[in-house]
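**Student:** Below is one structure. I have some questions about it.
Just so it is clear, none of the values below were taken in a lab; they were calculated from the coordinates. Owing to the predicted nature of the structure, the values given are computational and were not obtained by experimental measurement. Positions of Cβ are backbone-derived with ideal geometry, glycine not excepted, and every protein chain shown enters the neighbour counts.
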Amino acid sequence: MIARRGRPPAYDREAALMAIAEAFRLRGYAAASLDEIARAAGMNRPSLFAAFGNKKAMYLAALEDYRRRMKQAVSPALAGEGPLGDALTGFFDAAIGFYGEGTAPGCLVFCTATAEAPADEEIAAALADTISGIEAQLAARIAREAADSEVAGLAQLMVSVLICIAVQARAGADEAALKSFARASVAAALRQAL
């Protein structure tokens, strides 16, 4: 085994990714300057580039980390054995809590990647992967209680509600209003589908 030369990194990668995600979530991909990103991460620009690559690579790494953390936040709600309505309400409550963390409300993916996707294939792919991943996660839980013919449509509807919640959070809606909207959406969807 060959020992690595030089000093070990003087930064915490996970903390830096969270800070980078927050900078992009606050300003958007195009508007976030490299100086702002470096300042948020607590790193100088050369170290930032050495650790993460160019601005787009930083953004894609932050998106991937954000998606991972969001999945960790919402997955437990869908894993339980309770009624579907409770699982979906818990899913939205967890997402609303996650969207409210940090200084910039809303979702990094749904509030920034949607603006960049038309001009960038990699960002478009990350956005599409996020949507399909959430749909699959919701569909797996919905399939336990809904007819096969209803699963895909109901999962797509719940993703649409999630995106709407992200945008409303970004626009400043408070947690109580977001939860009320989520509960009404779940109730209406389940009345129609089940």
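**Student:** Using θ = phi - 60° and the Karplus curve 6.51 cos²θ - 1.76 cosθ + 1.60, what whole-Hz ³J(HN,Hα) does each residue of the stretch 73-80 get, with Gly and Pro shown as x?
**Tutor:** Couplings: 6, 9, 4, x, 5, 8, 7, x Hz.
**Student:** Follow-up. Given LEU157, ALA87, ALA30, which one lies farthest toward the positive end of the charge dipole of the chain, if we put +1 on the Cβ of every Lys and Arg and -1 on the Cβ of every Asp and Glu?
**Tutor:** Of the options given, the answer is ALA30.
**Student:** From the phi of every residue in the stretch 182-194, what ³J(HN,Hα) in whole Hz does the Karplus formula 6.51 cos²θ - 1.76 cosθ + 1.60 yield, where θ is phi - 60° and glycine or proline is x?
**Tutor:** In residue order, the calculated couplings are 4, 4, 5, 5, 4, 4, 5, 5, 6, 4, 6, 8, 9 Hz.
**Student:** I need the phi-derived Karplus couplings for the stretch 22-28: 6.51 cos²θ - 1.76 cosθ + 1.60, θ = phi - 60°, integer Hz, Gly and Pro marked x.
**Tutor:** Karplus-based 3J(HN,Hα) across the stretch 22-28 equals 5, 5, 5, 5, 6, 10, x Hz.
**Student:** How far is helix 84-99 tilted off the main Cα axis of the chain, in degrees rounded to 10, range 0 to 90?
**Tutor:** Result, in degrees: 30.
**Student:** Net charge near TYR66: determine it from the other residues with C-beta under 10 Å of the C-beta of TYR66, scoring Lys and Arg +1 and Asp and Glu -1. All intermediate terms of the calculation are to be shown ahead of the outcome.
**Tutor:** Working: positive: ARG25, ARG67, ARG68, ARG69, LYS71; negative: GLU22, GLU64, ASP65.
Result for the neighbourhood of TYR66: +2.
**Student:** Please compute the contact order of the stretch 37-194 in relative form: average sequence separation of alpha-carbon pairs under 8 Å and at least six residues apart, divided by the residue count, as a percent.
**Tutor:** On the way: 137 pairs, mean separation 38.2, N = 158.
Computed over the stretch 37-194, the figure is 24 percent.
**Student:** Below 12 angstrom from the Cβ of LEU34, what's the summed charge of the other residues (Lys, Arg +1; Asp, Glu -1)?
**Tutor:** On the way: positive: ARG27, ARG39, ARG45, LYS55, LYS56; negative: ASP35, GLU36.
Taking every Cβ under 12 Å from that of LEU34, the sum is +3.
**Student:** Which residue, chosen from GLN192, ALA115, GLY133, occupies the Cα position most advanced towards the positive end of the dipole of the stretch 64-193, where the dipole is computed from +1 (Lys, Arg) and -1 (Asp, Glu) charges on Cβ about the Cα centre?
**Tutor:** Looking along the dipole axis, the top candidate is GLN192.
**Student:** I've got another one for you. Assigning unit charges at the beta carbon (Lys, Arg +1; Asp, Glu -1) and nothing else, what dipole magnitude in debye, to the nearest 20, does the stretch 64-193 show about its Cα centre? Provide the component values of the computation, followed by the final result.
**Tutor:** Working: 10 positive and 17 negative charges, 79 e Å.
Here the size comes out at about 380 debye.
**Student:** Under a cut-off of 18 Å between alpha-carbon atoms, report the aspartates and glutamates in cross-link reach of LYS56, not counting same-chain residues fewer than 8 places apart.
**Tutor:** Cross-link targets: GLU14, GLU22, ASP35, GLU36, GLU64, ASP65, GLU116, ASP120, GLU121, GLU122, ASP129.
**Student:** Is it possible to state the helix-based mean residue ellipticity at 222 nm for the chain, with each DSSP H run of 4+ residues giving -39500 (n - 2.57), the sum divided by total residues, to the nearest 500 deg cm²/dmol? What is it? Don't jump to the answer; show the numbers that get you there.
**Tutor:** Values: 8 runs with 136 residues, N = 194.
The helix-only estimate for the chain comes to -23500 deg cm²/dmol at 222 nm.
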